[in-house]
1. How tilted is helix 9-23 with respect to the longest principal axis of the chain? Cα atoms for both, answer in degrees (0 to 90, nearest 10).
2. Apply the Karplus parameterisation 6.51 cos²θ - 1.76 cosθ + 1.60, with θ equal to phi minus 60°, to every residue of the range 24-31 and state each ³J(HN,Hα) to the nearest whole Hz, in sequence, with x for glycine and proline.
3. When N counts the residues of the range 20-63, how does its alpha-carbon radius of gyration compare numerically with 2.2 N^0.38 Å, as a ratio?
4. Dipole of the range 20-63 (Lys/Arg Cβ +1, Asp/Glu Cβ -1, origin at the Cα centre): which of ASN48, TYR38, ALA63 lies farthest to the positive side?
Amino acid sequence: MKHAKVQNADYFKTYLTLIMDHRALSLQEAIDFMVTTYFCNNRELYGNKPKQQFEIAIQQLSAS
């Protein structure tokens with residue numbers, strides 16, 4: 001899967017929240033799922049910017 005546009009933290013927060021709600025997963029389980037399926041087990045697959053935005057989203061969800 002190609003991701004031409006760099007996704008922002010809000011995109012990743014929404015994606016993680018949907019995964020948690022739909023699959024009844026914890027935040028860590030949703031992170032693991034997304035790393036496996038979206039990033040193909042390589043957080044740097046799409047470059048540094050998406051990785052940073054993903055990590056910001058995780059921090060924001062952890063704080064809420």
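1. 50 degrees
2. Couplings: 6, 10, 6, 4, 5, 5, 5, 4 Hz.
3. 1.14
4. ASN48
Every read-out reported here was derived from the displayed coordinates using simple, explicitly stated rules and does not represent laboratory data. Quick caveat: nothing in here was measured; it's all calculated off a predicted structure. A quick note on method: Cβ atoms are made from the backbone with ideal geometry, for glycine too, and the neighbour counts reach across all protein chains shown.
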